[in-house]
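**Student:** I have a structure here, written as C-alpha cells, and I will follow up with some questions on it.
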Amino acid sequence: MRNKLICYVNSIFEGIPNTPEVQELREEILQNTLDRYDEECTRGVSETVAYNVAVMSIGDTDELLAAYRKPKKEKKSSRRVCVAIAIALYILCVVPPAVADEMGWPEALGVSLMFLMIAAATALIILSGGREKPAAPKASAPQGVPVQPAAQPVQAASAQEERSSAVKILRGVLTPLYWLAAVGLFLAAGFAGYWYVAWVIFIAAGAVGDVITGIVYMAKGRYGLKKFIEGLMLLAAVAIYLKISAASGAWVVTWLVFPICAALTGVLSGIFTLATGGKQ
C-alpha cells in the first residue's frame, strides 16, 4: 500500500515541470501522506482503510498546483503574438499623420488614426497580460471516499499560492502602465521632431522588460538567464543603431542592425537549448 500511495502522489504531479520547488512540495506531501498511513496502521485499521484516510488527508490540490503547471503552448504563443502586434502598431502609428500630410488630408484624420492605433496596441498589451491560465485537473480520491480538508502542510503551501496570485495581479497592473509610459515617451519624442527614430523606444522597452523578467525569474530560482541575455543583446543593438546612425546619418540603412541582432539571438537560443536541455 505504501508503494500505491507513492504512485498516487506522483500522479498528482504529472504534467508539472520538475523544478526544485515542485520537488520539495511533492516530498512534503508524500512524507505527510505516508506518516498518516503509518499512524492509521498503528491504530489497528486495515491497510485499505489506512490508505483511504491517507489519501483523504491530501485534500483538493487543484488550486495549490495550478501555479506550477506548465501553461499550454497555444496560450503562450497567443500572448506573444498579441505583444508583437501591439509593438508593431506602436511603431507604425506614425504612418497615418505622415500619409495625411503627404496626401493633403485633414491633419485631424491622421492624428485620430494614430491615437486609434495606440489605443488598440495598449488594449492588446492589457488583454495579453490579463489572460488566465487553464484550470489544473483535480487529483481525485478513490471512489467511495469523502473529501476532507487538506493536511496542514498543504494549507501552508496554499498561502504561498495566494501570495503568488497577488504578484500576478500586480504584474497585470504594472505591465500596461509600463507600456503606457513607453507610449508617452514615444509621443513626447515624436512631437519634439524625432518621429524618424522615436519608434526605437518600443524596442528598447521590450528589451528592458526582458532584462527585468530574467532577473526576477533568476531571483525566484526559475530559468531566466536566456531571457536576460536576449534583453541585453537587444539593448546593445539599440545603442549600436543610435550610435552608428547619429554618426553616419544613414538612418534608412542602419536599421539592419536589428535583423542581425535577431539572427544572433536565434543562434544563442539554440545554443542554450542544446546546452541546458531547454531549461534556460
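**Student:** Across the stretch 88-110, what is the total count of residues that are closer than 25 Å to Ile125 by Cα and not in a helix (DSSP H, G or I)?
**Tutor:** Looking only at that region, the number is 2.
**Student:** Just checking, how many residues over the stretch 232-253 are over 15 Å from Gly206 (Cβ atoms), in a helix (DSSP H, G or I) and either aliphatic (A, V, I, L, M) or modelled with pLDDT of 90 or more (or both)?
**Tutor:** Filtering the stretch 232-253 for residues over 15 Å from Gly206 (Cβ atoms) gives 240, 242-253.
Narrowing the set further to residues that are in a helix (DSSP H, G or I) leaves 240, 242-248, 251-253.
Subset that is either aliphatic (A, V, I, L, M) or modelled with pLDDT of 90 or more (or both): 240, 242-248, 252-253.
Of the residues in the stretch 232-253, 10 are over 15 Å from Gly206 (Cβ atoms), in a helix (DSSP H, G or I) and either aliphatic (A, V, I, L, M) or modelled with pLDDT of 90 or more (or both).
**Student:** Would you pick out the residues in the stretch 201-222 that are surrounded by fewer than 16 Cβ atoms within 10 Å (Cβ to Cβ) and within 17 Å of Ala263 (Cβ to Cβ)?
**Tutor:** none
**Student:** Hey, does the stretch 11-30 have a residue that's surrounded by 14 or more Cβ atoms within 10 Å (Cβ to Cβ), basic (Lys, Arg), closer than 30 Å to Leu124 by Cβ and in contact (Cβ under 8 Å) with a residue 12 or more places away in the chain? Show your work before the answer.
**Tutor:** Initial filter on the stretch 11-30 (surrounded by 14 or more Cβ atoms within 10 Å (Cβ to Cβ)): 12-13, 16, 19, 21-22, 25-26, 28-30.
Okay, now just the ones that are also basic (Lys, Arg), so 26.
Subset that is closer than 30 Å to Leu124 by Cβ: none.
No.
**Student:** Run down Leu256, Leu235, Leu225, Leu242 and say which single residue is free of Cβ contacts under 8 Å to residues at least 60 places away in the same chain, over 23 Å from the mean Cα position of the chain (by Cα) and surrounded by 14 or more Cβ atoms within 10 Å (Cβ to Cβ). Break it down stepwise before answering.
**Tutor:** Working: Leu256 fails: surrounded by 14 or more Cβ atoms within 10 Å (Cβ to Cβ); Leu235 fails: over 23 Å from the mean Cα position of the chain (by Cα); Leu225 fails: over 23 Å from the mean Cα position of the chain (by Cα).
It is Leu242.
**Student:** Okay, next question. State all residues of the stretch 1-10 that are of a type in the set (Val, Ile, Thr) and surrounded by fewer than 18 Cβ atoms within 10 Å (Cβ to Cβ); if no residue qualifies, say none.
**Tutor:** Step one: of the stretch 1-10, the residues of a type in the set (Val, Ile, Thr) are 6, 9.
Ile6 - this is the single residue of the stretch 1-10 that is of a type in the set (Val, Ile, Thr) and surrounded by fewer than 18 Cβ atoms within 10 Å (Cβ to Cβ).
The values are calculated or read from the model by the stated rules, or taken from the named source; none is laboratory data. Remember, it's a predicted structure, so these values are computed and weren't measured experimentally. Note that each Cβ is placed from the backbone with ideal geometry, even for glycine, and that neighbours are counted across all protein chains shown.
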